[in-house]
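No value in this document is a laboratory result; all are computed from the given coordinates. For clarity, every value in this text was computed on a predicted model and none was experimentally measured. Note that each Cβ is placed from the backbone with ideal geometry, even for glycine, and that neighbours are counted across all protein chains shown.
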Amino acid sequence: MDRLARRFAACKAENRAALITFVTAGDPDLATSATILEALPAAGADIIELGMPFTDPMADGPSIQAANLRSLSHGARLKDVLAMIKTFREKDLHTPLILMGYYNPILAYGPARFAKDAAAAGLDGTIVVDLPPEEAEELLPHLTEQGLHLVRLATPTTDAARLPAVLKGASGFLYYVAVAGITGANAASAEDIAAAVTRLRAATTLPIAVGFGVRTPAQAAAIAAHADAVVVGSALVDAIGAAAAARANDIPARLSTQVAALATAIRNTKKEHAA
């Protein structure tokens, strides 16, 4: 099994969901971002999504938009993100890393070159928000050749007719976007999430992660009762932004405290229906 499969299997053995944390690479600056990345597993992150800085993150709300601008203003580029991953992997051989973002930086870098360099750095897969299944052949064969996952997104509007196309070529896990909107928006109800997870489980054996709008330990715990993973992003990015604005020098420690509270809530919640 690869890192993602091993991590999901370990969480399943404990009858709990995984905690997936999202932070933007290079936010608030490259050095601090690298320290944050290194601290996340010890705080309780099971899997890490690392955002690729980009000028036009269309699926993201104000929090992650601002994080992208902070990162870009300090000169972060895709090559720097891959270097950060490589440094992280020299110390941590076990925590899965997923690069999340938009296709433009990958296209500019070169899809084949990206896949090769990402695999060499120690990446486990990608989520490319604006690359629909119909266009995935531009990237998917290169990822597959390098043993990298292409994680797909499903939403409340992904109906039974569309879902097979979403799942074709998907691997690693399926990311369920719990709200129809941008990141950091309103949270979906636990009942709606439970129904969505049940529907998706009938169509795939991939682990199902739920994100968008998850901000508090209580919200994370409610989702953890049903999903295979809970994704928390905007709440963490907000904390980084607030600490950076206050010129705090303990941002990794502050974030670790926040992640630990989320991890504790998830670990204390046993899944009602084992995957």
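Taking other C-beta atoms within 10 Å as the exposure proxy, 166, 81 rank 166, 81 from fewest upward. Note that region 1-93, at 20 °C in a medium of 1.002 mPa s, gets a Stokes-Einstein diffusion coefficient of 152 µm²/s from its Kirkwood radius over C-alpha pairs. In whole Å, what is the distance between the alpha-carbon centres of region 190-239 and region 1-68? If you average the Cα positions of each part, the centres end up 15 Å apart. Straight-distance candidates among the lysines for linking to residue 270, with alpha-carbon spacing under 17 Å and chain neighbours fewer than 8 residues away dropped: 12. Neighbour counts of C-beta atoms inside 10 Å place 100, 52, 84, 58 in the sequence 58, 84, 100, 52, starting with the fewest.
Note on the chain: antiparallel DSSP beta bridges, both residues inside, total approximately 0 percent of the bridges counted. Taking the Cα centre of the chain as reference, the dipole from Cβ charges on Lys and Arg (+1) and Asp and Glu (-1) amounts to some 580 debye.
Extension gain for the segment residue 192 to residue 264, taken as residue separation times 0.36 nm less the Cα-Cα distance, is 23.6 nm to one decimal. Label zone (residue 257, point 7 Å along Cα-to-C-beta; backbone nitrogen cut-off 17 Å) within region 209-234: 216-217. For Rg/Rh (Cα atoms, Kirkwood Rh), the candidate list reads (i) 0.93; (ii) 0.96; (iii) 1.01; the entry that matches the value derived from this model is (i). Sorting the segments 63-70, 199-206, 155-162 by their residues' average number of neighbouring beta-carbon atoms within 10 angstrom, most packed first, yields 63-70, 199-206, 155-162. Less than 18 Å apart at the alpha-carbon level, and either on another chain or at least 8 residues along: which lysines does that give for residue 116? Qualifying lysines at Cα under 18 Å: 79, 86. Per residue, the chain reaches -14000 deg cm²/dmol at 222 nm when only DSSP H runs of four or more residues are counted, each adding -39500 (n - 2.57). Counting neighbouring beta carbons within 10 Å and listing from fewest to most, the residues 267, 247 come out as 247, 267.
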